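K.L.:
Once you've had a glance at the structure underneath, I'll fire off some questions.
The values are calculated or read from the model by the stated rules, or taken from the named source; none is laboratory data. Since the structure is predicted, the reported quantities are computational estimates derived from the model, not experimental observations. Cβ coordinates were reconstructed from backbone atoms using ideal geometry, including for glycine residues, and neighbour counts include every protein chain displayed.
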Amino acid sequence: MCLTTFMQTTLLYLGLMTFITDMLPGLGIMLAANDVPRIAQQFGLDSSIRVNMMSVIHSTTTAVNLSRSVAKAVGK
C-alpha cells in the first residue's frame, strides 16, 4: 500500500511540474498515476484496491478540470 501511494504521489507531482511546460504530457502523467494500483497488482503487489470504473471517470474528470484551471491561471 505504501509503495502504490508513493508512486501515485510522485507521478502526480511530476505531472504537475511537466504540465507547466507541456500540457499534454503532463496530463498523461497525471492520468497514469490513477493506474498505479492496478499495474502493481498485476506484478503481485497487494494494493487492496479494486478498480472501480466510476472512480476512473471521476479521476479523469478531475484531472481535466484541474488542467483547464491551471492553464487559465498560467495564461493570465
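K.L.:
If the Cβ limit is 9 Å and pairs must be 6+ apart or interchain, which residue in region 14-41 that is over 14 Å from Arg68 (Cβ atoms) and acidic (Asp, Glu) pairs with which residue that is in a helix (DSSP H, G or I) and at pLDDT below 85?
P.N.:
Asp35/Val56
K.L.:
Of everything in region 40-70 that's aliphatic (A, V, I, L, M) and either loosely packed, with under 12 Cβ neighbours inside 10 Å or at positive phi (or both), which residue is modelled with the lowest pLDDT?
P.N.:
Within region 40-70, the first condition is being aliphatic (A, V, I, L, M), and the residues that meet it are 40, 45, 49, 51, 53-54, 56-57, 63-64, 66, 70.
Now narrow it down to the ones that are either loosely packed, with under 12 Cβ neighbours inside 10 Å or at positive phi (or both): 53-54, 57.
Values: Met53: 64, Met54: 69, Ile57: 72.
Among those residues, the one meeting the criterion is Met53.
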